[in-house]
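Engineer: Have a look at this one before I ask anything.
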Amino acid sequence: MVNYDLIVIGFGKAGKTLAAKMNAAGKKVAVIERSKAMYGGTCINIACIPTKTMIVAAEKGWSFDDTMKERGAVTGRLNAKNYKMLADNGVDVIDAEAHFVSNKVIEVVAGDDRQELTAETIVINTGAVSNVLPIPGLTTTKHVYDSTGIQTLEALPKRLGVLGGGNIGLEFAGLYNRLGSQVTVLDAATSFLPRVEPSIAKLAKEYMEEDGIVFEQGVKTSEVKNDGDEVVVVTDKGEFRFDALLYATGRKPNIEPLHLENTDIALTERGGIQVNKHLETSVPGVFAVGDVNGGLQFTYISLDDFRIVFNYLTGDGSYNLETRGVVPTAMFLNPPLAQVGLTEDQAKEQGLPVAVKEMPVAGMPRGHVNGDLRGAFKAVVNPETKEILGVTLFGQESHEIINLITLAMNHHIPYTDLAKQIFTHPTMAENLNDLFAI
Ligand SMILES: Cc1cc2nc3c(=O)[nH]c(=O)nc-3n(C[C@H](O)[C@H](O)[C@H](O)COP(=O)(O)OP(=O)(O)OC[C@H]3O[C@@H](n4cnc5c(N)ncnc54)[C@H](O)[C@@H]3O)c2cc1C
Ligand SMILES: NC(=O)c1ccc[n+]([C@@H]2O[C@H](COP(=O)([O-])OP(=O)(O)OC[C@H]3O[C@@H](n4cnc5c(N)ncnc54)[C@H](O)[C@@H]3O)[C@@H](O)[C@H]2O)c1
């Protein structure tokens, strides 16, 4: 049995950051990763980085082949950098799949090689996998992909179907539309982006439709099959025919390979690993970080999970799930759509005093400079306490500016301060002066 101070299972954002920090502090650390193609984790190799690289390349008007080449070059570079960051500094990166044998004993298996490892602290960081809905034919039909598979296409599909109108579905819909595919989104939800401010969600859908994307909301899919080389999606709204189909109907915590049945690690009702506010599981000394604990599925949440565990292991544990601030989100549509805090309806449901302001990008000087007048900003504030309750930004640079609002909210900066702050000009951020003049 090999003994470590810290074992991290999975090369995710939280785990790799914790491994680097603890290694630098003189601890004996191992990171177990089952695929060399995943050094650096999901974000680097098959998620945020490759998809945004493709979106940016497509926005520049690059061809499908050049977009794919760029994707490969960027992910390859970052994968190698991530491996070196750990391995060259003395972390044992073990190329193997990890299973629990008991609460604190892990077996690593690589081909015929098996080894048992143990550690005082074990961190599970195995991410999430695509939900495969029980739709007959979904896994057996040719030219049907999840978000990983769709990134390996060798030719641009003329007609792309997208099952699911969430983050992944819409980002790929926009991307393939730009690259030249005819895209149809089939979404089970009756409303489009139900958690976004309704007026902004309506605009976002209108723009995607203007760009040529077709939406079918409230669709029930009963079968997926091939007719020759075509993919046929059978629904209650008729049959749809495509050259390729992407299914993007959520992702679920990746626990299956871990053999948690050999441990006392408890799961939540929704299949994530149950954790307390310090992200410790029901087994003391074993933590679950990132997508696998069933929390919000974002790379920056995984990074923040690192902060929580690191603070618990080396500090006073005062930074934890209960003291985490508000969490911004950004969807990389055209233009990007970013949100933080509450929508107007959510604030009213909470019985808060609410004042709102919405401004079209068409009235913003930088919108004219950018030659892109699409979008709108909306702010929801408490006029009594002067707190910002929530903001939705839909326009160029929204994914950047939302971080400024998050900072203001977390530090309880009154919105009236943003209304009179000096901003550089001409920028999209300067419009916060007018947005918060409520
Ligand atoms: C297409 C797509 C686009 C996305 N875009 C964004 C975005 O723009 N911004 C954003 O913030 N988030 C985005 N996300 C979500 C984000 O990628 C995830 O929330 C994040 O990567 C989760 O990281 P993690 O730390 O949980 O672990 P991961 O990075 O998922 O790492 C888990 C690792 O564990 C390994 N592993 C699993 N089981 C075992 C085992 N038993 N033994 C050994 N190794 C194992 C896996 O191979 C993997 O490398 C996107 C997701 C997808 C799918
Ligand atoms: N920019 C980003 O930050 C970003 C980008 C991509 C992914 N992500 C993360 O990845 C997670 C997973 O993304 P996702 O898009 O798979 O999940 P999601 O939860 O965002 O969306 C799932 C969609 O599938 C639809 N759906 C469910 N069942 C269906 C069915 N039978 N037929 C048709 N549609 C159906 C839902 O109505 C919903 O619109 C996101 O929640 C997000 O946390 C983040």
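The values are calculated or read from the model by the stated rules, or taken from the named source; none is laboratory data. As the structure is a computational prediction, the values presented were derived from the model and not from experiment. Every residue, glycine as well, gets a Cβ built from its backbone with ideal geometry; the counts of neighbours run over all protein chains shown.
Engineer: Could you name every one of the strands (runs of 3 or more DSSP E) located completely within region 192-283 that has at least 3 residues being closer than 30 Å to Leu342 by Cβ?
Structural biologist: Hits in region 192-283: 251-253.
Engineer: List the pairs whose first member sits in region 265-285 and is at positive phi and of a type outside the set (D, E, K, R), whose second member is surrounded by fewer than 16 Cβ atoms within 10 Å (Cβ to Cβ) and modelled with pLDDT of 95 or more, and whose Cβ atoms are under 8 Å apart, counting only residues at least 6 apart or on separate chains?
Structural biologist: So the pair list comes out as Leu279/Leu321; Gly285/Glu120.
Engineer: Which of the residues spanning region 25-47 are within 16 Å of ligand 2 (Cβ to nearest atom) and either surrounded by fewer than 18 Cβ atoms within 10 Å (Cβ to Cβ) or in a loop (DSSP other than H, G, I, E, B) (or both)?
Structural biologist: Keep residues of region 25-47 that are within 16 Å of ligand 2 (Cβ to nearest atom), which gives 41-47.
Listed by number, the residues that qualify are Gly41, Ala47.
Engineer: Filter region 401-423 for residues that are under 19 Å from the mean Cα position of the chain (by Cα) and surrounded by 15 or more Cβ atoms within 10 Å (Cβ to Cβ) and give the result.
Structural biologist: Quick first cut of region 401-423, residues under 19 Å from the mean Cα position of the chain (by Cα) only: 401-403, 406.
Across region 401-423, the qualifying residues are Ile401, Ile402, Thr406.
Engineer: Residues that are within 16 Å of ligand 2 (Cβ to nearest atom), in contact with a Pro (Cβ under 9 Å, 6 or more places away or on another chain) and within 20 Å of Ile405 (Cα to Cα), at least 2 per element: which strands (runs of 3 or more DSSP E) completely within region 314-387 meet that?
Structural biologist: Strands (runs of 3 or more DSSP E) meeting the threshold: 337-341.
Engineer: Let me ask another. Among the candidates Ala355, Ala338, Ala347, Ala376, which residue alone is surrounded by fewer than 16 Cβ atoms within 10 Å (Cβ to Cβ) and not polar (S, T, N, Q)?
Structural biologist: Of the residues listed, the single one that is surrounded by fewer than 16 Cβ atoms within 10 Å (Cβ to Cβ) and not polar (S, T, N, Q) is Ala355.
Engineer: Of Thr126, Thr139, which residue is closer than 20 Å to Asp5 by Cα, within 16 Å of ligand 2 (Cβ to nearest atom) and outside any helix (DSSP H, G or I)?
Structural biologist: Checking each option against the conditions leaves just Thr126.
Engineer: Output the number of residues of region 70-101 satisfying the condition of being touching a residue at least 24 places away in the same chain (Cβ under 8 Å), surrounded by 13 or more Cβ atoms within 10 Å (Cβ to Cβ) and out of contact with any strand residue (DSSP E or B) (no Cβ under 9 Å at 6 or more places or on another chain).
Structural biologist: The number of residues fulfilling the criteria is 7.
Engineer: As an exercise: evaluate Asn276 against (1) at pLDDT 95 or above; (2) within 20 Å of the chain's Cα centre (by Cα) and give the number of the one condition it does not meet.
Structural biologist: Unmet condition: (2).
Engineer: Could you list all residues from region 18-49 that are among the basic types (Lys, Arg), within 26 Å of Val74 (Cα to Cα) and either free of Cβ contacts under 8 Å to residues at least 12 places away in the same chain or more than 10 Å from ligand 1 (Cβ to nearest atom) (or both)?
Structural biologist: Lys21
Engineer: Related question: When region 212-231 is examined, which residues are found to be farther than 24 Å from Thr139 by Cβ and surrounded by 14 or more Cβ atoms within 10 Å (Cβ to Cβ)?
Structural biologist: Hits for region 212-231 are Ile213, Val214, Phe215, Gln217.
Engineer: Given the structure, is Lys252 in contact with a strand residue (DSSP E or B) (Cβ under 9 Å, 6 or more places away or on another chain) and away from ligand 2 (no atom under 13 Å from the Cβ)?
Structural biologist: So Lys252 does not fit the description; no.
Engineer: Suppose we keep only residues that are among the polar types (S, T, N, Q) and in a strand (DSSP E or B) within region 175-191. Which one would you say is surrounded by the most Cβ atoms within 10 Å (Cβ to Cβ)?
Structural biologist: First pass over region 175-191, keeping only residues among the polar types (S, T, N, Q): 177, 181-182, 184, 190-191.
In the following step, the residues that additionally are in a strand (DSSP E or B) were identified as 182, 184.
Numbers: Gln182: 16, Thr184: 20.
So the residue we want is Thr184.
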